[in-house]
1. Here is a list of conditions, (1) among the aliphatic types (A, V, I, L, M); (2) under 22 Å from the mean Cα position of the chain (by Cα); (3) outside any loop (DSSP other than H, G, I, E, B), and Ala172 meets all of them except one; can you say which number that is?
2. Considering segment 26-63 alone, what residues qualify as being part of a loop (DSSP other than H, G, I, E, B) and surrounded by fewer than 19 Cβ atoms within 10 Å (Cβ to Cβ)?
3. Given the conditions (1) over 20 Å from the mean Cα position of the chain (by Cα); (2) under 28 Å from Lys112 (Cβ atoms); (3) part of a loop (DSSP other than H, G, I, E, B), and given that Leu254 satisfies all but one, which numbered condition is not satisfied?
4. Look at Lys173 and say whether it is more than 16 Å from the ligand (Cβ to nearest atom) and either at pLDDT 95 or above or of a type outside the set (Gly, Ala, Ser) (or both).
5. Out of (1) assigned to a helix (DSSP H, G or I); (2) away from the ligand (no atom under 16 Å from the Cβ); (3) under 15 Å from the mean Cα position of the chain (by Cα), what's the single condition that is false for Trp226?
6. For Leu340, indicate whether it is among the aliphatic types (A, V, I, L, M), within 16 Å of the ligand (Cβ to nearest atom), in contact (Cβ under 8 Å) with a residue 12 or more places away in the chain and surrounded by fewer than 24 Cβ atoms within 10 Å (Cβ to Cβ).
7. Could you count how many residues in segment 69-103 are over 24 Å from Arg123 (Cβ atoms), in a loop (DSSP other than H, G, I, E, B) and out of contact with any Lys or Arg (no Cβ under 7 Å at 6 or more places or on another chain)?
8. Residue check: is Thr298 more than 16 Å from the ligand (Cβ to nearest atom), crowded, with 23+ Cβ neighbours inside 10 Å and polar (S, T, N, Q)?
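The values are calculated or read from the model by the stated rules, or taken from the named source; none is laboratory data. Because the structure is predicted, anything quoted here is derived from the model rather than measured. So basically every Cβ, Gly included, is an ideal-geometry build from the backbone, and we count neighbours across all protein chains shown.
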Amino acid sequence: MPSYLEWLLGVLKESVNLAGLPEEVYEYLSKPDRILTVKIPVRMDNGKLMIFEGYRVQHNNALGPYKGGIRFHPEVTLETDIALATGMTLKNSLAGIPYGGGKGAVRVDPKKLSMKELEQLSRGYARAIAPIIGPEKDIPAPDVNTNPQIMAWMVDEISKLKGYNVPGAFTAKPPELWGNPVRMYSTGFGAIVVAKEAAEKWLGGFEGKTISIHGFGNAGQWAAYWATKWGAKVVAISDTSGTVYDPEGIDVELAMKVKNETRKVINYPKGQKINDSMAPLFVEADILLPSAIENVITAENADKVKAKLIVEPANGPTTPEAEKKLYSRKDFVAAVPDILANAGGVVMSYLEWVEDLQYYFWDEEETREKLAKIMRNNFHRTADRWEKLKAQHPDKLVTMRDAAFVLAVERVYNAMKLRGWI
Ligand code: GLU
């Protein structure tokens, strides 16, 4: 199976061709601008010194400061981080926000750390990347296994180093510390705004539709919450402890409470338990939301997927080989790609950064409406371009992902051309 980076670059290359851009645009974007590898020593509670390895990849800043999250994960590699940073350049470009792309990572299982150790690791990472970040340079945020508390420690660390508060150095901070309450749920919320538009366009409506969710972290939980609030029925959720399945509909608020109190979705007291965290990918549902990590829907298992519509809150969950199989199914409508579907997180980060630069804050409802409007417009812009590309290339399979990449790569190209980089 090709790695995430390999297939992402394949899609990028294809989109440069589809957009009719010079081949050198691909050459330029296939490598990041800068890679920083850092070591983070942490004195553990048992007195031992542990050395963790971390990265900050800055992919491209033609459109503005590098922007993207920080992932804490036991299996994360530099190669995955490069793929994620490349994805951020494209996501931010497609979203129409003034950012380039970057991503950070630390190879660690944060579930095995005490709060004190986690704080030391977070502060140590912030200190290590301090020379290359800042509100005008590179603005990190959370990603898998990182959260507002971690952002609070990091923004505090940078502020101490500078000698003054630097609110705009990180986004997705707690509302008490220059954050915005919408950021907590913005990725899941944005994915449901997009899922609703897609369902209204292609499935005859969103209300009453069944939804299956693989991964019940921040994105998955809030996607489930907003899906239910807007009248759809969540039938499956999962995490590493297993899957909960209930065709009658899961009580999402209860499931969130159970997950946050016990860390395990499987402790949800109702429904059917399946001892396989991948099960939501294959159950009967109208809409599937892969909300965990990359490469979960692959050529090997795509035939088992039953959903007509996929919307991707995770980064890179569906491989192109899997997509080929999905699109060959007569009843399959679309896989709404990550760089469109999960942009709610970074678009909200942008709004928070704008607030922090001005020290002027919108209220929750006003912010949410600004975010929803950007997500809706981007969905329709991408869907329209997809129609056009399909008409231009009737002989080949053009996916919605291709259309999103074409729009994204065009905007980065225009900025690079105007700046004389290419
Ligand atoms: N980690 C999120 C993403 O992959 C959000 C990044 C951000 O807010 O900068 O898009």
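1. All conditions are met except number (3).
2. If the condition is that a residue be part of a loop (DSSP other than H, G, I, E, B) and surrounded by fewer than 19 Cβ atoms within 10 Å (Cβ to Cβ), then Ser30, Lys31, Asp33, Met44, Asp45, Asn46, Gly47, Lys48 are the ones that fit.
3. Status for Leu254: all satisfied but (3).
4. No, not satisfied.
5. Condition (3) is where Trp226 drops out.
6. On the way: among the aliphatic types (A, V, I, L, M): yes; within 16 Å of the ligand (Cβ to nearest atom): yes; in contact (Cβ under 8 Å) with a residue 12 or more places away in the chain: yes; surrounded by fewer than 24 Cβ atoms within 10 Å (Cβ to Cβ): no.
When the stated conditions are applied, Leu340 does not pass them.
7. Final tally of qualifying residues: 3.
8. Details: more than 16 Å from the ligand (Cβ to nearest atom): yes; crowded, with 23+ Cβ neighbours inside 10 Å: no; polar (S, T, N, Q): yes.
Here the answer is no, as Thr298 does not meet what is asked.
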